[in-house]
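Undergrad: Have a look at this one before I ask anything.
The values are calculated or read from the model by the stated rules, or taken from the named source; none is laboratory data. Given the structure is predicted, the values throughout are model-derived calculations rather than measurements. Cβ: placed from backbone, ideal geometry, glycine included. Neighbour counts: every protein chain shown. To get the accessible areas, we keep the full protein, side chains included, count just its heavy atoms, and leave off ligands, DNA and RNA. Shrake-Rupley method; radii C 1.70, N 1.55, O 1.52, S 1.80 Å.
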Amino acid sequence: MLPQRQRSPEPDHLLPIPTHPVHPNHTTLPTQLRPAEGPPHGAGHRFPPLEPSLYADLFRRASRGRLLPLARLTHSHMIRAGYRPGLFLSNNLLAAYVRCDDTRSARLLFDGMPRRDVVTWNTLIAGYATQGSASLALGAFRGARWDGSVAVDRFTYAAVLAACGGARDWRSGRVTHGLAVVSGLARTAFVANSVIDMYAKCGMIDEVRLAFDRADERDEVSWNLLLSAYVRMGWPEVAVSVLVWMHRSGVKLDAFALGRILKACSELEDSEDVRRMLHGCVIKVGLDLDVFVGSTMMDMYAKNGGLEEAIKVFGCIPCQNVVIYNTMIAGFARLGNDPCPEIRMEAIRIYSNMLCRRIRPSKFTFKSVLEVCNLINEPRCWRQLHAHVILFGFEDDEFIANALINLYSKVCLVDDSLRCFHRTPKQEIFTWTSMIRAFVHNEHSDKALHFFRELRYTGVEPDQFTISCVMNACADLSMPIACEQIHCYAVKSGFDRFTLCGNSQIEMYRGTGDLKAAKKSFERIPSLDTFSWSQMILSYAVHGHGREALLLFKKMRDCGVMINEFAFLAVLVACSHEGLIDEGFRNYDSMVSHYSFVPDMKHIACMVDLLGHVGKVADAEDFIKSYGLENNAVLWHTLLRACRIHGDKDRGIKTGEKLMMLEPFTASSYVMLYNLYMDAGKISLAMRTRGQMRERGMTKESGISWAEFRGSVHHFVDGDNSCSQKDASFTRLEELLVRVKQKTEQGSMNVWEVGFKSGKVSENAIDKHGELLAVALGLSTLPNTAPVKVMKNQKMSWESHETLKLLSERENREIIVRDPTRFHHFSQA
């Protein structure tokens, strides 16, 4: 706070010239601050000075506009004209330097002044306080008190208290408060308000209330400061009580007070009556048309689910500006996953209306609009908004770029996400994280790891969210060495102590088939949350440990951890894989009746799979129809697999024909129906199905198996002979299968009866099962004690399953194969 100016313009001395360099944001002045070399005030150098009032006006303009070049040019002109300003002009020049944030020049000027008054000291102290230099402000305050010719006033104490509050220095602030009390100035409302504000900024709410209660004088500012203190402390209930007390004391409610209390009530839950009371109060005092109060009231309603009330307030504000529109659009963005897309589209219409009224949107407008777009599936609308972002020059904003990256990633346009990333000049860590997450979401996990390596080269430090995304990428790729490396990096960087990274570690090791490491990660998480428990339950489930999963779920409930839909999904997966039909239906009924969760498609699919697993195919079909989901292809695919496993050919054919109608361009539906026709001996229908598939230009997705051996990833494509390791793997597998054949012949079972010719295995039979070649390479490459881990993008066939079981028994090795639905463990332990 700058003190009032003096009115005494009499000159008495020449001021020293500040030598601080020109501010970097301004161009160099043609006239430097230092006097030119040569005879001072000699011929050719002196020119007539301006009127003192004109100098004073120039200093005031420089101060109001924060024009440092103007202040220096005027000062230079005074020096070159030989004009000796008095104390009044010196204080004006000092105020100009302070307002232009040039405290060094201000200090040089101050030190060269032979005569100073209280205005001089107050100006310097206020400048230090504004700059956040509390120690310098306190030093100047001590100098003012030691100066016997100056008596500090209320402006001095106000400036020092502001400096203490800005620095959160409550000790110095308390000392200053004591000095103000001794001087008698603390009784005035001006100094009392500064004391209240200082304690409020230091977070000392008890001292705030004590200073307020002991103040001899109170004004509207005093009440507003007390109100703001309680709002800042996060005590909206007390703030409402203060507002009522303020009204009963006869204090006029202004826009500031009502705006602060409305903001506080936006964070207050179950306060509908309080919100309506405040709304009525706003109308009574005539501030319902105020832009500031109106926007705050809209925000209060929108944050608490009162979107209709927010829209009504929005319509009543006559002079709508960009702040009003931003608040309204942000209210729609807070709806989250509202089931009605029409409501979310209203935000787009409001944005369009804003443009029609020729109101220029701000970057906050686009942030809110893009958040709304993230909840609707309208890519055309997204592209139009992206064009508007470019048009209004906000493409280089990192927050807007981050929202665009997430939008394009949602609809699998990862190349567009990458373009948005590269067009952002300032790439913060959250934009890197969003880009890595986009690659993982769109099944480009290898690119996500490559992108993380680029991040490390840039010198930008990753955070726990980045590490979590990288761990998810490693889980998708199922690369054990990469998983161990990122785990080591997390430990060295200290990110392993975050629950988020611990949860991702469980998922990562679950994806690589290392259940022991997943369990250790779970046990080392310092603060377990619902997702931690759910991830560990799911890990047990997909690895075939259904009983352990159920026991952990029981322990989770006994510990009082909040149960969510994902936890129940993990339990249902465990019951489905193990065929635990009683436990499955008991937990499903508990989810619906006791926890009041609405089952989604994944829960229902688990129940259909559970019924199909135990052979109750008819019940599984009735379960689908009971939910009215006859047109859901995922559920019919689940039923179709059960029909084929349990030999229900008629129901399987009927289900396959239905799938062809639901998904006429999905190759897997034709393949499964073809196999069912062949199993039923309906050759003509099978050939017709293959012909339809060929006519529509569809081909079966290639089965790919991959594994990481000795730091390298090896891929095996079903039916592809181009793999460099194919010959060595085939030779090794042929030897293994010959031994298996001898064993199966003794047991009256031959899995590869068709594939054997003249005591050898047909290469065509093996080519169809790339996972066998990958296992053979692992058995030849890895040490005898190391398990062989292979991943496959398609469900493993019965022939491969039985063969790997025999290979594991014959070689006494642990073999783990992951397909899209579960892990298959083969071990003799």
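Undergrad: For the stretch 324-331, indicate whether the set of residues that are in contact (Cβ under 8 Å) with a residue 40 or more places away in the chain and either of a type in the set (S, T, N, Q) or exposed (fewer than 15 other Cβ atoms within 10 Å of the Cβ) (or both) is non-empty.
TA: Scanning the stretch 324-331 turns up at least one residue that is in contact (Cβ under 8 Å) with a residue 40 or more places away in the chain and either of a type in the set (S, T, N, Q) or exposed (fewer than 15 other Cβ atoms within 10 Å of the Cβ) (or both).
Undergrad: I would also like to ask the following. Being more than 20 Å from residue 216 (Cα to Cα), of a type in the set (D, E, K, R) and not in a helix (DSSP H, G or I) is the filter here; which residues of the stretch 148-189 pass it?
TA: Within the stretch 148-189, 168, 169 meet the criteria.
Undergrad: List the residue pairs whose Cβ atoms are under 6 Å apart, where the first residue sits in the stretch 512-533 and is over 19 Å from residue 482 (Cα atoms), the second is among the hydrophobic types (A, V, I, L, M, F, W, C) and loosely packed, with under 13 Cβ neighbours inside 10 Å, and the two are 6 or more positions apart or on different chains.
TA: Here the result reads 530/562, each pair linking the stretch 512-533 to a residue that is among the hydrophobic types (A, V, I, L, M, F, W, C) and loosely packed, with under 13 Cβ neighbours inside 10 Å.
Undergrad: Please enumerate the residues belonging to the stretch 547-577 that are under 13 Å from residue 823 (Cβ atoms) and either open to solvent by 30 Å² or more (accessible area, probe 1.4 Å) or modelled with pLDDT under 90 (or both).
TA: Hit for the stretch 547-577 is 577, nothing else.
Undergrad: Please count how many residues of the stretch 111-147 are more than 42 Å from the chain's Cα centre (by Cα) and part of a helix (DSSP H, G or I).
TA: 16
Undergrad: Further question on the same structure: Looking at the stretch 285-323, which of the residues that are outside any helix (DSSP H, G or I) and within 31 Å of the chain's Cα centre (by Cα) is farthest from residue 350 (Cα to Cα)?
TA: If we take residues in the stretch 285-323 being outside any helix (DSSP H, G or I) and within 31 Å of the chain's Cα centre (by Cα), then 304 is farthest from residue 350 (Cα to Cα).
Undergrad: If we scan the stretch 122-129, do we find a residue that is closer than 15 Å to residue 169 by Cβ and touching a Leu at 6+ places or on another chain (Cβ under 8 Å)?
TA: Yes, the conditions are met somewhere in the stretch 122-129.
Undergrad: Please go through the stretch 280-308 and pick out each residue that is of a type in the set (Asp, Glu) and in contact (Cβ under 8 Å) with a residue 12 or more places away in the chain.
TA: 288, 290, 299
Undergrad: Checking residue 108 against (1) in a loop (DSSP other than H, G, I, E, B); (2) open to solvent by 50 Å² or more (accessible area, probe 1.4 Å); (3) touching a His at 6+ places or on another chain (Cβ under 9 Å): exactly one of these is not met. Which one?
TA: In the conditions (1) in a loop (DSSP other than H, G, I, E, B); (2) open to solvent by 50 Å² or more (accessible area, probe 1.4 Å); (3) touching a His at 6+ places or on another chain (Cβ under 9 Å), residue 108 misses (1) alone.
Undergrad: Filter the stretch 792-829 down to residues that are farther than 23 Å from residue 642 by Cβ and assigned to a loop (DSSP other than H, G, I, E, B) and give me whichever is least open to solvent (accessible area, probe 1.4 Å).
TA: 813
Undergrad: Taking residue 664 and the conditions (1) within 17 Å of residue 610 (Cα to Cα); (2) not in a helix (DSSP H, G or I), which numbered condition does it fall short on, given that it satisfies the others?
TA: Of everything listed in (1) within 17 Å of residue 610 (Cα to Cα); (2) not in a helix (DSSP H, G or I), residue 664 misses just condition (1).
Undergrad: Could you please give the count of residues in the stretch 236-249 that are at pLDDT below 80, open to solvent by 60 Å² or more (accessible area, probe 1.4 Å) and either more than 15 Å from residue 273 (Cα to Cα) or β-branched (Val, Ile, Thr) (or both)?
TA: 1
Undergrad: Go through the stretch 176-208 and give me each residue that's buried (at least 19 other Cβ atoms within 10 Å of the Cβ) and among the charged types (D, E, K, R).
TA: 197, 201, 207
Undergrad: In the stretch 681-691, which residues are surrounded by 15 or more Cβ atoms within 10 Å (Cβ to Cβ) and either within 18 Å of residue 798 (Cβ to Cβ) or out of contact with any helix residue (DSSP H, G or I) (no Cβ under 7 Å at 6 or more places or on another chain) (or both)?
TA: Selection gives 682 alone.
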